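Structure first, then comments.
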Amino acid sequence: MKLLFLQNVYDAMGGSFMVNCSLARKFLHEGHEVFFVSLRSSGRSDLLPYPNTAKKLVINADEIWDTPLLSDALKMFKGGHLLRGMRQVKDRRHFDLSLKLDFEKCKLEIGKIDPDFIICSHYECLEAVPTAYLKKTINHYHTTFNQVEAHRTQLPFFKKYNDRVGRLLWLSDATCKRAKAAGLSNSSYIYNPINFESLEESTCMSNHALFIGRFSSEKRVDLLVKLFDETIREYKINYWELDLVGMGELSDEVKEVMQRNPHIHYLGPTADPKSAYLNSSLLLLASEYEGFALVVLEANECGVPCLAFDFGEAAKEEIIHGETGYLIVQNDVEAYKKAMAQIMIDEALRLKLGSASKEFAKQFHMSAIYQQWLELFDELKESNG
């Protein structure tokens, strides 16, 4: 079988890219042929962990994917910056026209490759799929339905393609149900797979809490650090440590707390996340929203429970409250601190949560998720005749 991953940029390290690479490695391992076709670059980095045997193609390597926003132009006009606003409108027009040319070039390249199925990671790229291949295309949307509704152009776009593509694929059952309720009847869901399996399991006795991920605004690492700092002081459990692992700049607020609290450590990015999980006893998240928080399930695979605010549609499918961790009402900081202290103080509770987490993670193993993808392919083959 020949599979093509279609994405907007070649060199952007993000959740969708990591999931695509994880799936691609499994497909390659099972003897399938894999292509990555990207419309443009991001202008940031080209040192990304693509599978070695996957074939890669960039349609337009000379221009970056950086959409000039007309809303910004409107703000410039309102602020009296007419020339800047006109330049922004001109840049947007150039972007739209040049992107249409890229779409046409991409259609030609897809025809040459002649894939059995296309997995489209960014909805805009559906415009780059030849009509003859749309029914073989799965639009794999990597965020929440809240994000669809937050952008006025997205839902009409999805409705336009609802009956034209093979499937609109979402990250969770809850998101899929919302999509269907909004009129996107051609919807289903497959969970993202855990990137590894672990024979080892955390003892949950290390007194180390962990944050792992990007230090981006929606992760609210500053709030997480603040709550950890307050919890260990208010509940007198300053024998616990917090390890921050990931990519990005620490905010001034985080640095300030770290200066006065020696129990918080910035460890930087890691190429071995499994070791970080195994050395910890509790995963902490304070995210405002998540499409699908894969770190929760990776921690579970290592026998580590998670404490998080309710981060959206997938949250209750990733954390079974009171069984594999605790899910706190968004922004209820006192309840969050109370739950954190309870887990830190009660060793028996941590062990119970950790053991249940390990068992819960099995349904997200690559072997199980891979079979669901094969079933989807078979379903599309049958419906396409």
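Values in this text are rule-based calculations from the coordinates and carry no lab data. Just so it is clear, the model here is predicted, and its values are computed rather than measured. Here the Cβ positions follow ideal geometry from the backbone for every residue, glycine too, while neighbour counts run over all protein chains shown.
Values as computed for the structure displayed
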{"item": "Inter-label distance for LYS105 and ARG92, nm, one decimal - labels placed 7 Å from Cα along Cα-to-Cβ", "result": "2.4"}
{"item": "Rounded to whole Hz, the Karplus (6.51, -1.76, 1.60) HN-Hα couplings of the range 265-271, x for glycine and proline", "result": "10, 8, 9, x, x, 9, 9"}
{"item": "Fraction in percent of alpha-carbon pairs per bin - 5 Å, the range 208-364", "result": "2, 10, 21, 24, 24, 15, 4, 1, 0"}
{"item": "Crossing angle, helix 221-234 versus the chain [Cα axis fit, 0-90 degrees, rounded to tens]", "result": "10"}
{"item": "Residues SER172, SER98, SER42 arranged by fewest to most Cβ contacts within 10 Å", "result": "SER98, SER42, SER172"}
{"item": "Per-residue Cβ neighbour rank within 10 angstrom, fewest leading, ASP346, ASP252", "result": "ASP252, ASP346"}
{"item": "Ranked VAL37, VAL257, criterion: other C-beta atoms within 10 Å, fewest first", "result": "VAL257, VAL37"}
{"item": "Neighbour cut-off at most 12 other Cβ (10 Å), DSSP loop, trypsin sites (Lys or Arg not before Pro), the range 1-60", "result": "ARG44"}
{"item": "Reachable aspartates and glutamates, given that their alpha-carbon falls under 12 Å from the alpha-carbon of LYS337 and they are not under 8 places away in the same chain", "result": "ASP229, GLU230, GLU234"}
{"item": "At R0 = 30 Å, FRET efficiency that the Cβ-Cβ distance of ARG84 and GLN154 yields, to 0.05", "result": "0.65"}
{"item": "Rough spin-label spacing in nm, given labels placed 7 Å along Cα→Cβ, for GLN363 and LEU57", "result": "3.9"}
{"item": "Förster radius 56 Å - calculated FRET efficiency between ASN238 and ALA182, Cβ distance, rounded to 0.05", "result": "0.70"}
{"item": "Estimated inter-spin distance, GLU375 and ASP66, nm [label 7 Å along Cα→Cβ]", "result": "4.5"}
{"item": "The chain - Rg and Dmax from Cα coordinates, angstrom", "result": "22.4, 66"}
